[in-house]
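**Q** Sharing a structure with you now.
The values are calculated or read from the model by the stated rules, or taken from the named source; none is laboratory data. Remember, predicted model here, so these are calculated numbers, not experimental data. Cβ: placed from backbone, ideal geometry, glycine included. Neighbour counts: every protein chain shown. Surface areas here come from the heavy atoms of the whole protein model, side chains and all, with no ligands, DNA or RNA. Shrake-Rupley method; radii C 1.70, N 1.55, O 1.52, S 1.80 Å.
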Amino acid sequence: MTDGPVLVVDDEPAILRALTVALRARGYDVVTAATGQQALDRCATEDPSAVILDLGLPDIDGLDVCRRIRGWSDVPIIVLTAEGADERKVTALDDGADDYVTKPYSTPELLARLRVALRHRRDADGSPPARIEIGDLVVDLAQHRVEVAGERVALTPKEFAFLAFLARHPARVLTHRAILEEVWGPEYGRETQYLRVYASQLRKKLGDDPARPRLVTEPGVGYRLVDPT
């Protein structure tokens with residue numbers, strides 16, 4: 001199914017076994033590691049197609065493992081975090097992780113995030129599209145035009161820049177800091193109140209259903225743009 005194996009890193013044997021079974025049942029090859037050092041060694045020797053990385057490792061902090069891998073590889077990294085560890089989620093994403101799943105997690109959710117991360121890696125090998133479709137939402141980057149269900153939506157330049165940045169990374173969580181620095185500039189990296197205002201405005205203009213929004217808030221972390229259908 002993938003070019004290389006999925007590397008699963010966790011110091012809990014039960015989790016390693018469960019994820020190995022689930023991934024192999026869906027056609028993935030799997031290699032495992034129980035420590036940070038093993039993870040770094042296997043990432044170097046196995047050339048994995050993706051890494052599922054628990055941040056709570058016994059020898060090397062998972063954040064440091066993430067940083068070291070990202071220093072020489074663009075392999076997709078999905079981190080596993082504890083409930084309420086928002087600061088560590090944000091740090092992991094800012095340090096190069098592609099996504100996160102909070103423990104206790106559902107296996108279908110983790111597998112869905114893995115599929116998205118692998119798709120992003122394949123898409124990154126080509127030129128970014130000028131026109132992005134996410135369900136009935138169309139973001140035309142070349143024409144600075146947005147449509148929902150065929151109807152044009154008028155956005156301010158900053159609203160368009162916010163939406164376009166998310167659209168270029170569909171279904172991927174982008175941190176507050178990443179969005180602020182991309183849309184407003186590096187000096188605005190901590191002005192999260194801007195995002196709350198603009199996210200609210202975008203949801204209204206896009207006609208988001210509060211029960212199934214396109215623009216999803218990841219509390220304490222950031223936002224992601226999804227197909228709600």
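**Q** Check whether at least one residue in the range 75-94 is buried (at least 23 other Cβ atoms within 10 Å of the Cβ), part of a strand (DSSP E or B) and small (Gly, Ala, Ser), and report yes or no.
**A** Within the range 75-94, none of the residues are buried (at least 23 other Cβ atoms within 10 Å of the Cβ), part of a strand (DSSP E or B) and small (Gly, Ala, Ser).
**Q** Within the bounds of the range 207-222, is there any residue that is within 20 Å of Thr91 (Cα to Cα) and either open to solvent by 60 Å² or more (accessible area, probe 1.4 Å) or in contact with a Cys (Cβ under 6 Å, 6 or more places away or on another chain) (or both)? Give the derivation first.
**A** If we filter the range 207-222 for residues that are within 20 Å of Thr91 (Cα to Cα), which is where we start, we get 216-222.
Applying the additional criterion that residues be either open to solvent by 60 Å² or more (accessible area, probe 1.4 Å) or in contact with a Cys (Cβ under 6 Å, 6 or more places away or on another chain) (or both) yields 217, 219.
Looking for residues that are within 20 Å of Thr91 (Cα to Cα) and either open to solvent by 60 Å² or more (accessible area, probe 1.4 Å) or in contact with a Cys (Cβ under 6 Å, 6 or more places away or on another chain) (or both), one finds at least one in the range 207-222, hence yes.
**Q** Within the range 90-113, can you find the residues that are more than 19 Å from Val30 (Cβ to Cβ) and of a type in the set (Ser, Thr, Tyr)?
**A** Those that are more than 19 Å from Val30 (Cβ to Cβ) and of a type in the set (Ser, Thr, Tyr): Thr91, Tyr100, Thr102.
**Q** Can you tell me which residues in the range 153-168 are among the small types (Gly, Ala, Ser) and without any contact (Cβ under 8 Å) to a residue 40 or more places away in the chain?
**A** Filtering the range 153-168 for residues among the small types (Gly, Ala, Ser) gives 154, 161, 164, 167.
Answer for the range 153-168, where residues must be among the small types (Gly, Ala, Ser) and without any contact (Cβ under 8 Å) to a residue 40 or more places away in the chain: Ala161, Ala164.
**Q** Can we say Leu206 is in contact (Cβ under 8 Å) with a residue 40 or more places away in the chain, more than 21 Å from the chain's Cα centre (by Cα) and over 18 Å from Glu87 (Cβ atoms)?
**A** Details: in contact (Cβ under 8 Å) with a residue 40 or more places away in the chain: yes; more than 21 Å from the chain's Cα centre (by Cα): yes; over 18 Å from Glu87 (Cβ atoms): yes.
For Leu206, the condition - in contact (Cβ under 8 Å) with a residue 40 or more places away in the chain, more than 21 Å from the chain's Cα centre (by Cα) and over 18 Å from Glu87 (Cβ atoms) - is met.
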